[in-house]
Structure formats: C-alpha cells, structure tokens
Amino acid sequence: MSKVTRYYATKSVRMCVACRQRNIQKNLIRFKVLESALQLYDGSGRSFYVCYMCLPQRKTQQIIKRIVKKAENLQEQIEEIAQICQK
C-alpha cells in the first residue's frame, strides 16, 4: 500500500461504528473486510467508518473484531492502517 486513495462525497455525513457520532465523510476512515482481513476501502464492496479519535481505543478493536469475525492479528492491521492514514 503506497498511496492512499480516499473515496468520499463532498458533504455526506456518516457515522462512526465505535462512538456513533456523525461526521462529514472525509473526516472518517473508511474500511472494508476482504477475506477475513481489514483493509482501507478501495472503491468496491461494503464498508464501515471509524473516526480518528476512536481508532486506537480498545472498544473500537472489539467492535471491528465483531465485524471482521475471523480476524487474525487484527491489532497489527489496525496499527498499520492508522500509520498509513496519518501520512
């Protein structure tokens, strides 16, 4: 993953799955699950949103674990994606 492409509408409001707060879509991180692996959204498939404040919290990891179901090394995947998004 070299360059992060962001898919969002200009004024769409979406909800964080962890804190349930609504925010403009570009202020949230959009994820998808592909073959039991968490990935940044690439333009196809179902997705969910997490705000930057909730991403490092343990509660968020538990919620994502319920969404992903068969996740292995989920903590590492979340940390890797957080680092990519901060660049």
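Pairs of Lys residues in the chain are counted when their Cα atoms are under 16 angstrom apart and they lie 8 or more places apart or on different chains; the count is 7.
Annotation: amide H of residue 41 within the under-5 Å range of 30, 31, 32, sequence separation 5 or more or interchain, hydrogens built in the peptide plane. Legend: residues 10, 60, sorted from most to least accessible area (1.4 Å probe; ligands, DNA and RNA excluded), read 10, 60. Each stretch of four or more DSSP H residues adds -39500 (n - 2.57); spread over every residue of the chain, this sum gives -8500 deg cm²/dmol at 222 nm. For segment 24-34, the Karplus equation 6.51 cos²θ - 1.76 cosθ + 1.60, evaluated at θ = phi - 60°, returns couplings of 5, 4, 6, 8, 10, 9, 9, 10, 9, 10, 9 Hz by residue, with Gly and Pro reported as x.
Each of 55, 15, 39 was scored by the projection of its Cα onto the charge dipole of the chain, and the greatest displacement toward the positive side belongs to 15; charges sit on the C-beta of Lys, Arg, Asp and Glu.
Given +1 at the Cβ of Lys and Arg, -1 at the Cβ of Asp and Glu and no other charges, the dipole of the chain around its Cα centre is 480 debye to the nearest 20. Once the chain is represented by equal point scatterers at the alpha-carbon sites, with solvent omitted, what log10 I(q)/I(0) does the Debye formula produce at q = 0.16, 0.22 Å⁻¹? Ignoring solvent entirely, the Cα scatterers give -0.58, -1.16. Annotation: extensible slack from residue 21 through residue 39 equals 4.3 nm (criterion: 0.36 nm per residue apart, minus Cα-Cα distance).
The values are calculated or read from the model by the stated rules, or taken from the named source; none is laboratory data. Treat the numbers as computed from the prediction; the structure is a model and nothing was measured. Virtual Cβ from ideal backbone geometry, glycine too; neighbours counted across all protein chains shown. Surface areas here come from the heavy atoms of the whole protein model, side chains and all, with no ligands, DNA or RNA. Shrake-Rupley method; radii C 1.70, N 1.55, O 1.52, S 1.80 Å.
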